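The values are calculated or read from the model by the stated rules, or taken from the named source; none is laboratory data. Small disclaimer: the values here were computed from a predicted structure and weren't measured. Cβ coordinates were reconstructed from backbone atoms using ideal geometry, including for glycine residues, and neighbour counts include every protein chain displayed.
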Amino acid sequence: MKFFAQPKRYDDVTTLSDEDLICYCIEVDKKTILDAIRNGATTLSTIKETTGACTGNECKRLNPNGRCCSKEINALIQLEANDV
Ligand code: FES
């Protein structure tokens, strides 16, 4: 039986590696967001304050999803909350 790697989906944070960017405007990767959450930044607002993610304005041009990264940040917050 052959296993094929799952294609990367930029709108599904579970398929992204730690080094993959979540915020393309500010260049904040998944690990940085996860570390912030694990250190107590458990809202979009506190993630913005601690990492700078989701504070850019070039989302349409830089983000492969063509929009702001807030959806992916909220998904990571949910994933971590469900992991506890
Ligand atoms: S992709 Fe995060 S602010 Fe634009």
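Among residues belonging to segment 7-33 that are part of a helix (DSSP H, G or I) and in contact with a strand residue (DSSP E or B) (Cβ under 9 Å, 6 or more places away or on another chain), point out the one that is modelled with the lowest pLDDT. Looking at residues that are part of a helix (DSSP H, G or I) and in contact with a strand residue (DSSP E or B) (Cβ under 9 Å, 6 or more places away or on another chain), I get VAL13. Within segment 50-73, residues that are without any contact (Cβ under 8 Å) to a residue 12 or more places away in the chain sit with their Cβ atoms under 7 Å from residues that are more than 6 Å from the ligand (Cβ to nearest atom) and small (Gly, Ala, Ser), at 6+ positions apart or across chains, in these pairs: LYS60/GLY66. Can you tell me which residue in segment 11-29 is surrounded by the fewest Cβ atoms within 10 Å (Cβ to Cβ), limited to those that are of a type in the set (A, V, I, L, M, F, W, C) and away from the ligand (no atom under 11 Å from the Cβ)? Among them, the one singled out is LEU16. The residue list THR32, THR46 contains one member that is within 14 Å of the ligand (Cβ to nearest atom), without any contact (Cβ under 8 Å) to a residue 24 or more places away in the chain and β-branched (Val, Ile, Thr), which is THR32. A single member of ALA36, ALA41 is buried (at least 18 other Cβ atoms within 10 Å of the Cβ), of a type in the set (Gly, Ala, Ser) and part of a loop (DSSP other than H, G, I, E, B), and it is ALA41. Please indicate, with yes or no, whether at least one residue in segment 71-82 is within 15 Å of the ligand (Cβ to nearest atom) and of a type in the set (D, E, K, R). Checking segment 71-82: at least one residue is within 15 Å of the ligand (Cβ to nearest atom) and of a type in the set (D, E, K, R).
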